[in-house]
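Asks: First the structure, then my questions, so here it is.
The values are calculated or read from the model by the stated rules, or taken from the named source; none is laboratory data. Since this is a predicted model, take the numbers as computed values, not measurements. Cβ placement follows ideal geometry from the backbone for every residue including glycine, while neighbour counts extend to all protein chains displayed. All accessible areas refer to the heavy atoms of the entire protein, side chains included, with ligands and DNA or RNA removed. Shrake-Rupley method; radii C 1.70, N 1.55, O 1.52, S 1.80 Å.
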Amino acid sequence: MPPERKSRTRRERRAGATPGRKARPGSRSTSAKAARSFQRTQLAEPRAAPSAGSGAAAAAEEEESRLRQRNRLTLEEDKPAVERCLEQLVFGDVEDDEDVLLQRLRSSRGQLHGSSDDSEVENEAKDIFSQKKKKPVWVDEDDEDEELVDMSNNRFRKDIMKNASESKLSKDKLQKRLKEEFQHAMGGVPDWAEAGSKRRTSSDDESEEEDEDDLLQRTGNFISTSTSLPRGILKIKNCRPANAERPTTARISSVQFHPGAQVVMVSGVDNAISLFQVDGKTNPKIQSIYLEKFPIFKACFSANGEEVLATSMHSKVLYVYDMLAGKLIPVHQVRGLKEKIVKQFEVSPDGSFLLISGIAGFSHLLSMKTKELIGSMKINGRIAASTFSSDSKRIYTSSENGEVYVWDVNSRKCINRFLDEGSLYGLSIAASKNGQYVACGSKSGVVNIYNQDSCLQQTNPKPIKAIMNLVTGVTSLAFNPTTEILAVASRKMKEAVRLVHLPSCTVFSNFPVFKKSALSRVQTMDFSPRGGYFALGNEQGRALMYRLHHYSDF
């Protein structure tokens, strides 16, 4: 406090006689201040006079209160009128005694604490009210017009179209369709996407820790995949070529996986049959068999994997390689077989029969064990391709005029005959491993997929789906072991190979997507026994191999 203010007497302050001080604009008059200060002093004096029975403590407390009151009054004199008015509005008229203000604050705090239950009820009511959907104040007509999305111009959107009428979909329908596709690919709605999902508790963490301990204490294959293969995009990896340790420039004629061991066989027109161990990284060579002056047309494992059969393009000799004994046995002549050239043949899945396709529409059924002729069957026209059913009880033969013949193996009689829809020239045929489908490839590049029961009972069966992704003749067809993939290829054009998802009958959009001319002209294809690998051979002498991640086993 300045020295001149300290020298003032209490009476001068009460009277408002401050030398050299001017009244502030908007402040109270000097006489009003003096009157108000005098009233406060009169009110404070009775309180300052202690009663006869009070002690020294009460006197000290009164003195402290008097000093505090005096200091507050001194500070208030310097406040502008606006500030004092604001304090009066906020704290009330408590200028006479600040104890009244403290008491009021304490009482308001108690009321706040006591009404906590009421506030909770009010909060719940507010939450319920806020959850109610408010009606819009106004509606824009342009918002009601749904914007349509073109589905046909995008290859990814085209895969999720169910029919041709869905060439354009609204944004809401497209979002719903994408959600359905995601749930189908994930095998259902994931836990994190469920609306009623709860946060993890400590008990869940403890149970998970117990599972982890159990996982570390046991050995085995813990990797599991979805039971069904999703369509659209195939998880596939490009591996090192199967014949990388024995490179060649000769055309590959056959690629086949061993039915029991992790081995792949590669043969070509360079007169050699080579066996490689499949590991996806180095694929080391096991053995090579060289057949002099015998360009191999086709080589195939027996059903039990103990023998390798091979035929040539210009010979009637059938070579049989005994893998256990390591001996090469030539079969020069089959009694009763009058064919001059033996090229195309098929081995039955049960390992009992060997089917040789001859000229002039003849098919010859031989015993796999003795290599003796059992009987012959004849169709009208020339044979394009033949295959056994999965149970080895029937034979499907495709003719060059587009007709398909179904034969009973035991009686060797034709039990049905039908025309492949839209086909003028048949080239290939294949039957699925589960006995559900029959696929017929034609020269026009169309692959018709039939239900196997309709092929046995109807004279004019309708295909389930016609695959039209190739524009040249379909020369190779292969089903994978689980009947979820159908591989179609043509040797007439480079990169002409597609993988078809079953049962949706849609083509996987990400194969082939590798470097140009990497696949070249595909001559032959095969899947490993459990679908984990896919191999194909081309005319450049490379046996390309791919890993299908959906299948955990070889």
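Asks: Assuming R0 = 30 Å, can you tell me the calculated FRET efficiency for the pair Ser504 and Ala261, based on Cβ-Cβ distance, to the nearest 0.05?
Replies: Values: r = 33 Å, r/R0 = 1.10.
E(calc), rounded to 0.05, equals 0.35.
Asks: Could you check the spin-label model distance between Asn469 and Glu181? Points 7 Å from the Cα along Cα→Cβ, value in nm.
Replies: Going by the 7 Å Cα→Cβ label model, 1.5 nm.
Asks: Next question, about the same structure. Quick check: with the 1.4 Å probe, what order do Arg491, Arg530 take by accessible area, largest first?
Replies: Descending order: Arg530, Arg491.
Asks: Sticking with this one: From the cross-link list Lys369/Lys492; Lys343/Lys492; Lys168/Lys433; Lys393/Lys462; Lys237/Lys298, which pairs have alpha carbons spaced over 29 Å apart? Present the calculation step by step, with values, prior to reporting the outcome.
Replies: Working: Lys369/Lys492 37 Å; Lys343/Lys492 20 Å; Lys168/Lys433 38 Å; Lys393/Lys462 23 Å; Lys237/Lys298 27 Å.
Pairs exceeding the cut-off: Lys369/Lys492; Lys168/Lys433.
Asks: Next question. 7 Å from Cα along Cα→Cβ at both Phe156 and Tyr290: what's the point-to-point distance in nm?
Replies: Result for the modelled spin labels: 5.2 nm.
Asks: Give me the 1.4 Å probe accessible area per residue for the range 229-303, excluding ligands and nucleic acids, in Å². Don't skip to the answer; put the middle values down first.
Replies: Details: 3290 Å² over 75 residues.
Averaged over the residues of the range 229-303, the accessible area is 44 Å².
Asks: Across the range 457-470, in residue order, what do the Karplus-derived ³J(HN,Hα) couplings come to in whole Hz, using 6.51 cos²θ - 1.76 cosθ + 1.60 with θ = phi - 60° and x for Gly and Pro?
Replies: Result, rounded to whole Hz: 10, 9, 7, 9, x, 9, x, 5, 7, 10, 8, 10, 8, 10.
Asks: Quick one: with all protein chains in place, what share of the accessible area of the range 298-412 is carbon or sulfur, to the nearest percent (1.4 Å probe)? Walk me through the numbers before you get to the answer.
Replies: Values: 2580 of 5220 Å².
Answer for the range 298-412 is 49 percent, counting heavy atoms of protein chains only.
Asks: Shifting gears a bit: Compute the distance in nm between two label points, each set 7 Å from the Cα along the Cα-to-Cβ direction, one at Lys393 and one at Ser170.
Replies: Label at Lys393, label at Ser170, 5.2 nm between them.
Asks: Specify whether the C-alpha gyration tensor of the range 236-548 places it in the rounded, prolate or oblate class, a ≥ b ≥ c being the square roots of the eigenvalues: rounded for a/c under 1.5, otherwise prolate if a/b is larger than b/c and oblate if not. Numbers along the way, then the final one.
Replies: On the way: a/c = 1.63, a/b = 1.07, b/c = 1.52.
Taking the square roots of the gyration eigenvalues as a ≥ b ≥ c, the range 236-548 is oblate.
Asks: With +1 on the Cβ of every Lys and Arg and -1 on the Cβ of every Asp and Glu, and nothing else charged, how large is the dipole of the range 236-548 about its Cα centre, in debye rounded to the nearest 20?
Replies: On the way: 37 positive and 22 negative charges, 123 e Å.
In debye, rounded to 20, the range 236-548 gives about 580.
Asks: Taking θ as phi - 60°, what are the ³J(HN,Hα) couplings along the range 343-356 by the Karplus curve (6.51, -1.76, 1.60), each to the nearest whole Hz, with x for Gly and Pro?
Replies: Working through the residues one at a time gives 10, 8, 8, 9, 10, 5, x, 7, x, 9, 10, 10, 10, 10 Hz.
Asks: What is the percent carbon and sulfur in the accessible area of the range 426-539, measuring with a 1.4 Å probe over the protein chains and ignoring ligands? Provide the component values of the computation, followed by the final result.
Replies: Working: 2020 of 4190 Å².
Of the solvent-accessible surface of the range 426-539, carbon and sulfur hold 48 percent.
Asks: Based only on Cα atoms, what mean projected area does the convex hull of the range 294-369 have, in nm²?
Replies: Numbers: hull surface 19.6 nm².
Quarter of the Cα hull surface area: 4.9 nm².
Asks: If you don't mind, another one. Whole-Hz Karplus ³J(HN,Hα) for the range 535-544, in order, using 6.51 cos²θ - 1.76 cosθ + 1.60 and θ = phi - 60°, x for Gly and Pro?
Replies: Result, ordered by residue: 10, 8, x, 10, 7, 8, x, 10, 9, 6 Hz.
Asks: Within the range 328-343, list the residues whose amide N lies under 11 Å from a label point set 7 Å along Cα→Cβ of Val317.
Replies: So the set is 329-333.
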